[in-house]
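K.L.:
I'd like to ask some things about the structure below.
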Amino acid sequence: MSAAHDIHGADDGAAHGTLRDYAIGFALSVVLTAIPFWLVIAQPLSDKGLTGGIVVIFAAVQIVVHMIYFLHMNAKSEGGWNLLALLFTAVLVVIVLSGS
């Protein structure tokens with residue numbers, strides 16, 4: 001077996017997603033996209049500011065879902081550096097969303 005195959009087959013201790021994890025992440029992503037889409041298209045709420053706020057909240061939750069289910073960020077992987085990146089991203093998201 002060549003060295004290239006050994007690299008791809010090595011277990012580096014990083015979290016790898018299972019089909020179940022990806023399916024859950026995909027389902028959550030679809031729901032977190034469909035609900036705000038429906039809120040904007042159907043306009044069940046008369047206050048556009050409230051609708052915009054709800055859409056922003058769903059967007060923030062979807063970012064977290066993507067980071068957990070697709071990027072596999074947790075406190076155990078890469079010695080906790082992923083958690084630090086997650087916290088940094090959360091701070092940036094709060095700054096961007098509050099400034100919008």
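K.L.:
Restricting segment 82-93 to residues that are at pLDDT 80 or above and farther than 11 Å from ILE63 by Cβ, which is most open to solvent (accessible area, probe 1.4 Å)?
P.N.:
Restricting to residues being at pLDDT 80 or above and farther than 11 Å from ILE63 by Cβ, the top hit is PHE88.
K.L.:
Quick test of your reading of the structure: MET73 fulfils all but one of (1) surrounded by 11 or more Cβ atoms within 10 Å (Cβ to Cβ); (2) modelled with pLDDT of 80 or more; (3) not aromatic (Phe, Trp, Tyr). Name the failing condition by number.
P.N.:
(2)
K.L.:
Name the one entry in GLY99, GLY53, GLY79 that is without any contact (Cβ under 8 Å) to a residue 12 or more places away in the chain, open to solvent by less than 60 Å² (accessible area, probe 1.4 Å) and more than 18 Å from the chain's Cα centre (by Cα).
P.N.:
Answer to the check: GLY53.
K.L.:
Next question, about the same structure. Check segment 27-34 and report whether any residue there is open to solvent by 90 Å² or more (accessible area, probe 1.4 Å) and either under 21 Å from ASN82 (Cα atoms) or at pLDDT 95 or above (or both).
P.N.:
no
The values are calculated or read from the model by the stated rules, or taken from the named source; none is laboratory data. Predicted, not measured: the structure shown is a model, and the values here were computed from it. When we count neighbours, we look across all protein chains shown, and the Cβ atoms used for this are built from the backbone with ideal geometry, even at glycine. Ligands, DNA and RNA are excluded from the accessible area calculation, which covers all protein heavy atoms including side chains. Shrake-Rupley method; radii C 1.70, N 1.55, O 1.52, S 1.80 Å.
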